[in-house]
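Let me begin by presenting the structure, written as structure tokens, before commenting on it.
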Amino acid sequence: MNEAGAAPCIFCRIVDGSIPSTAVASNDHALAFRDLHPQAPVHVLVVPRRHVVSLAEADDAAELGHLLALAAEVARREGIAESGYRVVTNIGADGGQSVGHLHLHVLGGRPLGWPPG
Ligand code: 5GP
Ligand code: ZN
């Protein structure tokens, strides 16, 4: 339970290690781990270590920069930097966000359709 008496969010629990994940890369501000239900051969989530609900609530430009830098590092490590990839963040109901902790999806390893659904 957190100070408000609510259970910590699932990605906070992954960041603190209380829920297992397969880490791919990390820096002081962000953690990258494999998506539980991959939508492409490479599907990695990049999350801030701090709980931030979504891009709409983000208030730290440097933190956002660290997230993007880690997403690019993930692509290099996963071998998709040359073939190309997509970085996307879903925001709120219409954006299709299902976990209320800011995350970047890094998707690649196959041609990706556009526009998204
Ligand atoms: P969203 O729909 O919010 O943009 O993306 C949430 C993502 O989190 C989904 O792709 C979903 O598969 C992934 N996810 C949900 N729960 C877990 C979990 O416990 N572990 C991992 N690794 N991924 C999760
Ligand atoms: Zn959280």
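The values are calculated or read from the model by the stated rules, or taken from the named source; none is laboratory data. Treat the numbers as computed from the prediction; the structure is a model and nothing was measured. Heads up, the Cβs are rebuilt from the backbone with ideal geometry, glycines too, and the neighbour counts pull from every protein chain shown.
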Could you tell me which numbered condition Val52 fails, if it satisfies all but one of (1) more than 16 Å from Phe11 (Cα to Cα); (2) within 15 Å of the chain's Cα centre (by Cα)? (1)
What residue, among those in region 86-103 that are touching a helix residue (DSSP H, G or I) at 6+ places or on another chain (Cβ under 7 Å) and closer than 19 Å to Arg50 by Cα, is surrounded by the fewest Cβ atoms within 10 Å (Cβ to Cβ)? Gly92
Those residues that are among the small types (Gly, Ala, Ser) and exposed (fewer than 14 other Cβ atoms within 10 Å of the Cβ), I need them from region 104-117; list them, please. Gly113, Gly117
Scan region 17-35 residue by residue and report those that are out of contact with any Phe, Trp or Tyr (no Cβ under 8 Å at 6 or more places or on another chain) and surrounded by 11 or more Cβ atoms within 10 Å (Cβ to Cβ). Ile19, Ala25, Ser26, Asn27, His29, Ala30, Leu31, Ala32, Phe33, Arg34, Asp35
Just the residues that are within 13 Å of ligand 2 (Cβ to nearest atom) and at pLDDT below 95, please, taken from region 1-43. Asn2, Ala4, Ala6, Ala7, Pro8
Answer with yes or no whether Val47 is within 11 Å of the chain's Cα centre (by Cα), within 15 Å of ligand 2 (Cβ to nearest atom), crowded, with 19+ Cβ neighbours inside 10 Å and within 20 Å of Gly96 (Cα to Cα). yes
Breaking point among (1) within 11 Å of ligand 1 (Cβ to nearest atom); (2) of a type outside the set (Val, Ile, Thr); (3) within 18 Å of Gly113 (Cα to Cα), for Arg86: (1)
